[in-house]
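Input: a single structure, listed below in structure tokens.
Just so it is clear, none of the values below were taken in a lab; they were calculated from the coordinates. Since this is a predicted model, take the numbers as computed values, not measurements. Don't worry about glycine lacking a Cβ; one is built from the backbone with ideal geometry, like all the others, and counts go over all protein chains shown.
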Amino acid sequence: MKGFVFDLDGVLADTAKYHYIAWKRLADEIGIQIDEAFNEQLKGISRQESLERILEYGNKAAFFSKQETAAMAEKKNQQYVELLDELSPEDALPGVREFLASAQQYNIPCTVASASKSAPFILDKLGIREYFAGIVDPADLTKGKPDPEIFIKAAQLMKLKPNEAIGFEDAQAGIDGIKGCGMYAIGLGTSEQLIGADRVIRDLSEVTVEELICL
Ligand code: G6P
Ligand code: MG
């Protein structure tokens, strides 16, 4: 293996909880109850599509115009970005900094494959942006996860084929995207949540660069 591809929210940063808080607030305001089990299917999904899923779940999709849903998505993002204000290097998930520093020492490139438009901002806040050879811009994508496009682009940024890289994901949509292009998938979470992952770990402190490049 010659490179690593990382999802951001829930893999590098403890920010998946902030997405959930911001969506829950918005859903409450429009009278839709969402819980953490439902939230699992929003992980890895773009802002607009997440909102569509919430509205469909609450049977309210027909009640809002395009303009209204755009304003709702914008409002959720404002709340989310406010929550990010508190973010500091301590919000990097366990093992992240050590793993990235080790990859740098081994000269193994790392890239970020996140649907989030806030990815560069978050990497700066965590103080880990310098470790990445590239960040896929979600604006360049024609399809979101579970389509493999974002992972293929992440491998291209390292001049690698997908099967020469390892992808890390905490969302089922992400695992499906990684496997969809023949990349080795490491899931962060539980094997019940992450079907099809080649390996499941709790966090990055459980793996070393040394062992993974031998795969
Ligand atoms: C990631 C998160 C999703 C989020 C998406 C878009 O994939 O897992 O929960 O909806 O990014 O994030 P953004 O910050 O652009 O709204
Ligand atoms: Mg994620």
Report task. Just add up the charged neighbours of ILE45: K/R +1, D/E -1, any other residue whose Cβ is under 10 Å from the Cβ of ILE45. Result -> +2
Report task. Using a 10 Å cut-off on Cβ atoms, rank the peptides 94-105, 181-192, 166-177 from the highest mean neighbour count down. Result -> 166-177, 181-192, 94-105
Report task. Among the lysines, select those whose C-alpha is under 20 Å from the C-alpha of LYS117, and discard any that sit fewer than 8 residues away in the same chain. Result -> LYS17, LYS24, LYS43, LYS75, LYS76, LYS125, LYS143, LYS145, LYS153
Report task. Obtain the nm distance between the two label points defined at GLN48 and SER88 by a simple spin-label model: each point lies 7 Å from its Cα along the Cα-to-C-beta direction. Result -> 3.7
Query raised in the report: How much length is gained on full extension from GLU192 to VAL81, taking 0.36 nm per residue of separation minus their Cα-Cα distance?
Result: 36.9 nm
Report summary line: Counting sequence-distant residues (5 or more places) and residues on other chains, those with an amide H built under 5 Å from that of TYR184 are ALA165, GLY167
Query raised in the report: In degrees, nearest 10, range 0 to 90: what is the angle between the Cα axis of helix 47-57 and the longest Cα principal axis of the chain?
Result: 50
Query raised in the report: Taking only Cα atoms, what is the 0 to 90° angle, nearest 10, from helix 66-84's long axis to the longest principal axis of the chain?
Result: 50
Report task. Using the Karplus curve 6.51 cos²θ - 1.76 cosθ + 1.60 with θ = phi - 60°, work out ³J(HN,Hα) for each residue of segment 5-18 in order, rounded to whole Hz, and write x for Gly and Pro. Result -> 10, 10, 5, 9, 5, x, 10, 9, 10, 7, 10, 4, 5, 6
Report task. Could you grab the relative contact order for the chain? Cα pairs under 8 Å, six or more apart, rounded to a whole percent. Result -> 28
Query raised in the report: Got a sec to turn the phi values of segment 88-98 into Karplus ³J(HN,Hα) couplings, 6.51 cos²θ - 1.76 cosθ + 1.60 with θ = phi - 60°, whole Hz, x for Gly and Pro?
Result: 9, x, 5, 7, 5, 5, x, x, 4, 4, 5
Report summary line: Amide H contacts under 5 Å for ASP147, restricted to residues at least 5 apart in sequence or on another chain and with H modeled in the peptide plane, are none
Requested in this report: With θ set to phi - 60°, apply the Karplus curve 6.51 cos²θ - 1.76 cosθ + 1.60 along segment 142-157 and write out the HN-Hα couplings as whole Hz, x wherever there is a Gly or Pro.
Outcome: 8, 9, x, 4, x, 5, x, 3, 4, 6, 5, 5, 4, 5, 4, 4
Query - segment 192-215 versus segment 95-129: alpha-carbon centroid distance in Å - result: 17
**Report entry** Total formal charge among the other residues, if their Cβ is under 12 angstrom from that of ILE201, Lys/Arg +1 and Asp/Glu -1
**Finding:** -4
Report task. Determine, for each peptide in 126-133, 11-18, 207-214, the mean count of other beta carbons within 10 angstrom over its residues, then list the peptides with the highest first. Result -> 11-18, 126-133, 207-214
